[in-house]
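Undergrad: My questions all concern the structure below.
The values are calculated or read from the model by the stated rules, or taken from the named source; none is laboratory data. Since the model is a prediction, treat every value here as computed from it, not as a measurement. For neighbour counting, all protein chains shown are included, and Cβ atoms are generated from backbone atoms with ideal geometry for every residue, glycine included. Keep in mind that these areas ignore ligands, DNA and RNA; they rest on the heavy atoms of the full protein, side chains included. Shrake-Rupley method; radii C 1.70, N 1.55, O 1.52, S 1.80 Å.
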Amino acid sequence: MGIIAGTGKNKSTLMQNLVLMYKDYGDVLFINTEMSDEELFERFLQIEYRMTPEMVRKYYMMENNNLSNCLAHVHYTKSVPDYDGVCQLVMSLKPKILVVDVIDDIKPGKDRSIQSQEDMYGGLKELTRKFHLITFMVHHTTKSSAFNEKGEEKNLTVHSSKGSSAFEQKCDVVIGIQGNITDKYRTIRSLKGRST
């Protein structure tokens, strides 16, 4: 599944909510390229326990707290792996769900068959099939696809992501997230659905 949205549209928040909602499904490999591990961890706890950042920090400093128990099924990396690293993590951890937030930041690696972003999308699709994963690839939009010449937000299309059309071609489902960055509401639209 591809997730397309601009900066500040809560792509990561959506992914974190889904990961917490489906904790009984199995292990999750969450590859995060946009925030520190500490911030990611804190945000998971905020979502799970409906706490403010201050409350999370206060409770987490207490001895014998069990706040992190809700994340026992989540594995996340301390550095951004390249494509080869993603494959190695999937092979060793055998997660049921793979989240790559954001796919733009994953480099092809040393695998000679993966020469470009386009090859990598195909490689991730094959990895998804081989290991029976649910894979979420989060992708940024281009400025021209998100805003018109007056700076007003445009409706996203399946072709709104950065780079070539390989991203949307390799995804079975593509959704777009829109909404004013200062507003608390977002619109999530299906932009492509294969066999749905």
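Undergrad: So how many residues does the range 170-192 have that are more than 15 Å from Asn155 (Cα to Cα), within 18 Å of the chain's Cα centre (by Cα) and not charged (D, E, K, R)? Please lay out each step first, then the result.
TA: First pass over the range 170-192, keeping only residues more than 15 Å from Asn155 (Cα to Cα): 170-173, 182-185.
Now drop any that are not within 18 Å of the chain's Cα centre (by Cα), which leaves 170-173.
Now restrict to residues that are not charged (D, E, K, R): 171, 173.
Final tally of qualifying residues: 2.
Undergrad: Applying the selection to the range 82-109, what residues are open to solvent by less than 30 Å² (accessible area, probe 1.4 Å), in a loop (DSSP other than H, G, I, E, B) and either at pLDDT 95 or above or of a type in the set (Asp, Glu) (or both)?
TA: Pro95
Undergrad: Name the residues in the range 27-59 that are within 13 Å of Ser12 (Cα to Cα), touching a residue at least 24 places away in the same chain (Cβ under 8 Å) and open to solvent by 60 Å² or more (accessible area, probe 1.4 Å), would you?
TA: Listed by number, the list holds a single entry, Glu34.
Undergrad: If you go through the range 24-46 one residue at a time, how many are part of a loop (DSSP other than H, G, I, E, B) and either of a type in the set (Asp, Glu) or under 18 Å from Met1 (Cβ atoms) (or both)? Spell out how you get there, then give the answer.
TA: Our first condition is that a residue be part of a loop (DSSP other than H, G, I, E, B); within the range 24-46, this holds for 24-27, 33-36.
The next check asks that each one be either of a type in the set (Asp, Glu) or under 18 Å from Met1 (Cβ atoms) (or both); those that pass are 24-27, 33-34.
Residues in the range 24-46 being part of a loop (DSSP other than H, G, I, E, B) and either of a type in the set (Asp, Glu) or under 18 Å from Met1 (Cβ atoms) (or both): 6 in total.
Undergrad: Also, quick follow-up: List every residue pair whose Cβ atoms sit under 9 Å apart, with the two residues 6 or more apart in sequence or on different chains, where the first one lies in the range 154-176 and is closer than 24 Å to Arg129 by Cα and the second, anywhere, is among the aromatic types (Phe, Trp, Tyr) and buried (at least 18 other Cβ atoms within 10 Å of the Cβ).
TA: Ser161/Phe167; Ala166/Tyr121; Phe167/Tyr121; Gln169/Tyr121; Lys170/Tyr121; Cys171/Tyr121; Val174/Phe167
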